[in-house]
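S.K.: Below are the structure tokens for one structure; questions will follow.
Values quoted throughout were computed directly from the atomic coordinates according to the rules given, and no laboratory measurement underlies them. Quantities reported herein were computed from a predicted structural model and do not represent experimental measurements. Using ideal geometry, Cβ is built from the backbone for each residue, glycine included, and neighbour counts are taken over all protein chains shown.
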Protein chains: 2
Amino acid sequence: MAIETAINQLRNLLQGRLVTTRAILDQHGQNEAYFPVTPPDAVVYPLNTKEVSEIVQICAAHSCPVIAYGTGTSLEGHQLAFRGGISINMQKMNTVLAIHPQDLDAVVQPGVTRKQLNAELRATGLFFPVDPGADASIGGMAATRASGTTAVRYGTMKENVMALEVVMADGKVIRTGSRARKSSTGYDLTKLFVGSEGTLGIITEITLKLHGQPEAISAATCSFPDVSSAVDTVIATIQMGIPMARIEFIDEIMVRGFNAYNGSDLPEKPHLFVEFHGSDSAVAEQASQFGEIVKDMGGDAFKWSSNAEERAKLWDMRHNAYYAQKSVRPGSVVQNTDICVPISHLAEVILETKAEGDRLGLTFTVVGHVGDGNFHCGICIDPSDKAELENAKIFTQNLAMRALKFNGTVSGEHGIGVGKMKYMAAEHGDALSVMADIKRTLDPQNIMNPGKLIPMN
Amino acid sequence: MAIETAINQLRNLLQGRLVTTRAILDQHGQNEAYFPVTPPDAVVYPLNTKEVSEIVQICAAHSCPVIAYGTGTSLEGHQLAFRGGISINMQKMNTVLAIHPQDLDAVVQPGVTRKQLNAELRATGLFFPVDPGADASIGGMAATRASGTTAVRYGTMKENVMALEVVMADGKVIRTGSRARKSSTGYDLTKLFVGSEGTLGIITEITLKLHGQPEAISAATCSFPDVSSAVDTVIATIQMGIPMARIEFIDEIMVRGFNAYNGSDLPEKPHLFVEFHGSDSAVAEQASQFGEIVKDMGGDAFKWSSNAEERAKLWDMRHNAYYAQKSVRPGSVVQNTDICVPISHLAEVILETKAEGDRLGLTFTVVGHVGDGNFHCGICIDPSDKAELENAKIFTQNLAMRALKFNGTVSGEHGIGVGKMKYMAAEHGDALSVMADIKRTLDPQNIMNPGKLIPMN
């Protein structure tokens, strides 16, 4: 069989860095979504770009699927091997290759995680801000166009990846940009690969923008009488141009989960968690302007997290929302989904969504990077209850359609993977055929993460 | 002949909005670069997307070149009809279709110019910041990935175009995004078309990010004893994270041109022209921090342009650099070129460039959006002097190669057009073949602005 021949050739190349033991295969077929375990035929651990190119060439010769694997934290099944094939685990390609403090950029291998990068940057006074919660690999974050809590201020991976090195479907290695801050010389291949979910090529090197560590940081929580007043506060804040570093909406159900999971004692009302970055005086000014809006909208007084430790605790709590959701309904499994809409529609969309979830009898949380119009629903499901599973499906589908109705998108940051391919035609119309044309051209055998992102029929 | 049949069919469709009079054709073959007049066979003036689609369908049926035309202010010959064909002048598609103040975005037709848009935005408290100097059309700015003086703060067209409507080479109309601030749903076609210079499709609608008009604006000029101290000031400013709204380098030759053309009396030394945006206190803080750097680097005291009129005069002077260059050497023609490098190399690259220009006996200016590492050389040439023309060519080629040597790009903002196609292979290597694959797939007949941007052999 082709796959066996491919594996034999790969074993000659990589020796012990090709693995086919059951436990390892299964681990690479695990996911934080709701898909069954879907392992590859083998896992390889390349050391450098040359090896990745050789791996892809062998796979291409045998029409064998190739799936890049970072830390496996996708919520839409990006890393699953539905058609078998080779999972390329990037954990040994985890070197920060260069830091250029003068130019505010760094060059990293795809297996470097965001926390590792920030640890290596600490002494430079710089940091890499994109923060999806999980300690994901930079390669995975680039491939899925990750964002998270700080995107409202610092942008998503789209804004923070300057250039890539990519192994194409035939093994050719290309560079998609320079270290110049801007360029007008040809098609923006960097942005084509950022968010392509491994379907066009394998990212082997990433040049990232860095940012100066803010002189002052201040974080706070505040509660609101209802969803609308919290969301209206966000809209007013963004419109006033207050450069929020983070502005997160937490609904009253999620607050209950936080209190149960973290032992906090937040009032069970809708909250905003916010953070300000800047000089001492800028942070003070931002906080005062924001405070006035909160007051106007009927919010309660801030609870400040004034020192670094308290702040870390606050954002750890926010980042562990995925786990805290389960505390809302012990014994449940959680299905997570996200959408993004223009912020003028945010209150309406959240209220419609909550009303529908209540009508369907679902237990669910709403948490969001609302400064961007992006929010998540975590549905706590009893997996043995078929009617409830069906209602969760209806809820998720209607949520996606609601996003489109309000000029939004079916995913702000989780991506498509396999989970949301069914919405691609509804969101993109004829543009989807252009995406499929590009996919067919750059990956004529459909070996690069096949069956993900772009429906090919 | 095919072109005549196409023109007859187009005339049936558009009646008086198809023009073949000599003067109009020649006007569409004019350019601000150094190319001979290269007119199309006909100029059409569509009213809407449907007409653009019909025009492209007729052209596709007859394999006839299609060139979108905005305001004709390209510096690299983007709009020229080297292979004849149909120039689509967008001046009648000049409506601001929607302004969404709550979402900080606007939807415009491609013929809207940036000054027109800002005039229509004035009452909203918002503005569109991208400012390439010329009052270019938004469609042209998107197609060429324009930037300019404010990109250091607000980004280029790449960062400010949220979504596009595009007519493809077969007449199909696609939308490349929603009005959501971020999305992880498929290939970033928006960024693929931004900067594609009309070679993949015709942009018929643009959704743009808007920004709040700053509460306070303050501008200043300061002079320096030499190039290095001015450029080192820029590097330190960017590294400190001072959010400059503009930071422009002007060499002593350009200052001489400004003084002659505008009647100003700036000292004939390297200058920085800067602008600060923000709240009153933020602007004061930024100005004070910047002032300290200037002092450390040996610069002279600021000359403030405190009111709106003085500021407008300052930036008009900067924007008219193209014309002021001629005053450096009356009777000369000016060849403009631009490159962009990582800012850590900026002083070295500018000094090498000035030394080479002097060695070659050329008269030239250096002006730049140096916060991004981007600068322009304007070479003032006696067109009757063949040796000088040859030296200008050597200078320009070596400048492009110098950009690549220092990890930069052969154009930061002017683009490739026809002028810089010869450098595409050197800059992009194997990535150029990926661009060519995309071009062939999306425009199999090579009718979309043929002979530009991507060398197809």
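S.K.: How are the alpha carbon pair distances in the protein assembly as shown distributed across 10 Å bins from zero to the largest one, expressed in percent?
M.R.: Result returned by the calculation: 2, 12, 21, 25, 21, 13, 5, 1, 0.
S.K.: Using the alpha carbon gyration tensor of the stretch B:241-289, what are the three equivalent-ellipsoid semi-axes (square root of 5 times each eigenvalue), largest first, in whole Å?
M.R.: Numbers: eigenvalues 148, 22, 14 Å².
In descending order the semi-axes read 27, 11, 8 Å.
S.K.: Placing +1 at every Lys and Arg Cβ and -1 at every Asp and Glu Cβ, with all other atoms neutral, what dipole size does the stretch B:320-397 have around its Cα centre, in debye to the nearest 20? Present the calculation step by step, with values, prior to reporting the outcome.
M.R.: Working: 6 positive and 10 negative charges, 41 e Å.
Result for the stretch B:320-397 is approximately 200 debye, rounded to the nearest 20.
S.K.: Still on this structure, please answer the following. In Å and on Cα atoms, what radius of gyration and Dmax does chain A show?
M.R.: 22.2, 69
S.K.: Where the label is 7 Å out from Cα toward Cβ, how close does A:Q57 come to the same position in every other copy, in nm, shortest first?
M.R.: 4.8
S.K.: Along Cα→Cβ at 7 Å, what distances in nm separate the B:A98 label point from those on the other copies, shortest first?
M.R.: Once sorted, the set of distances for B:A98 reads 4.4 nm.
S.K.: Another question, if that's okay. Student exercise: in the stretch B:216-405, how many lysine pairs 8 or more apart or on different chains have Cα atoms under 16 Å apart?
M.R.: Details: B:K269/B:K295; B:K269/B:K303; B:K269/B:K354; B:K295/B:K303; B:K303/B:K313; B:K354/B:K393.
So the count works out to 6.
S.K.: Right, another one. Could you list which residues have their amide H under 5 Å from that of B:T113, counting only those 5 or more apart in sequence or on another chain, with H placed in the peptide plane?
M.R.: Counting only residues 5 or more places away or on other chains, the set is B:I138.
S.K.: Work out from phi, with θ = phi - 60° and the Karplus expression 6.51 cos²θ - 1.76 cosθ + 1.60, the ³J(HN,Hα) of each residue of the stretch A:76-90, listed in order in whole Hz, and give x for Gly and Pro.
M.R.: Whole-Hz 3J(HN,Hα) from phi for the stretch A:76-90: 10, x, 4, 8, 7, 10, 4, 10, x, x, 10, 8, 9, 7, 8.
S.K.: Quantify how strongly other chains surround peptide B:424-432 by giving the mean number of their Cβ atoms within 10 Å of each of its Cβ atoms.
M.R.: Per-residue shielding by partner chains comes out at 5.
S.K.: For the stretch A:350-398, run through the trypsin sites (Lys or Arg not before Pro) and keep only the ones in DSSP coil with at most 14 other Cβ atoms within 10 Å of their Cβ. Before the final figure, lay out each step's value.
M.R.: Details: sites: A:K354, A:R359, A:K386, A:K393; in loops: none.
In loop regions of the stretch A:350-398 (DSSP not H, G, I, E or B), there are no sparsely surrounded trypsin sites (Lys or Arg not before Pro).
S.K.: Would you work out which of A:I238, A:P455, A:G257 lies farthest towards the positive end of the dipole of chain A? Charges go on Cβ: Lys and Arg +1, Asp and Glu -1.
M.R.: In chain A, that residue is A:P455.
S.K.: Which Cys residues of chain B have no other Cys Cβ less than 4.7 Å away and so no disulfide-compatible partner by this rule?
M.R.: Here B:C222, B:C340, B:C377, B:C380 come out as lacking a disulfide-compatible partner, given the Cβ-Cβ threshold of under 4.7 Å.
S.K.: May I ask you to derive the FRET efficiency for B:A308 and B:A23 from their Cβ-Cβ distance with R0 = 30 Å, giving the value to the nearest 0.05?
M.R.: Plugging the Cβ-Cβ distance into 1/(1 + (r/R0)^6) gives 0.15.
S.K.: Per residue of A:407-419, count partner chain C-beta atoms within 10 Å of its C-beta, then hand back the mean as an integer.
M.R.: Numbers: counts 8, 5, 10, 6, 6, 6, 3, 2, 4, 3, 1, 0, 0.
Whole-number average of other-chain Cβ neighbours for A:407-419 is 4.
S.K.: Enumerate lysine pairs in the stretch A:96-212 that are 8 or more residues apart or on different chains, then count those whose Cα atoms are under 18 Å apart.
M.R.: Details: A:K115/A:K209; A:K158/A:K182; A:K158/A:K191; A:K158/A:K209; A:K182/A:K191; A:K182/A:K209; A:K191/A:K209.
Within the stretch A:96-212, the lysine pair count is 7.
S.K.: While we're on this one: Once you place label points 7 Å from the Cα toward the Cβ at A:A425 and A:D170, how far apart are they in nm?
M.R.: 3.2 nm
S.K.: Hey, what's the per residue convex hull volume over the C-alpha atoms of the stretch A:249-375, in cubic angstrom? Write out the running numbers ahead of the final one.
M.R.: Numbers: hull volume 15.4 nm³, N = 127.
Convex hull volume per residue, Cα atoms: 121 Å³.
S.K.: Could you tell me how far the Cα centroid of the stretch B:1-60 sits from the Cα centroid of the stretch B:278-302, in Å?
M.R.: Spelled out, the Cα-based centre of one part sits 52 Å from the other.
S.K.: Moving to a separate point now. Between 0 and 90 degrees, rounded to the nearest ten: what's the tilt of helix A:346-359 against the longest Cα principal axis of chain A?
M.R.: 90 degrees
S.K.: Compute the angle between helix B:431-442 and the longest alpha-carbon principal axis of chain B, please, reported from 0 to 90 degrees and rounded to the nearest 10.
M.R.: Here the helix axis deviates by roughly 30 degrees.
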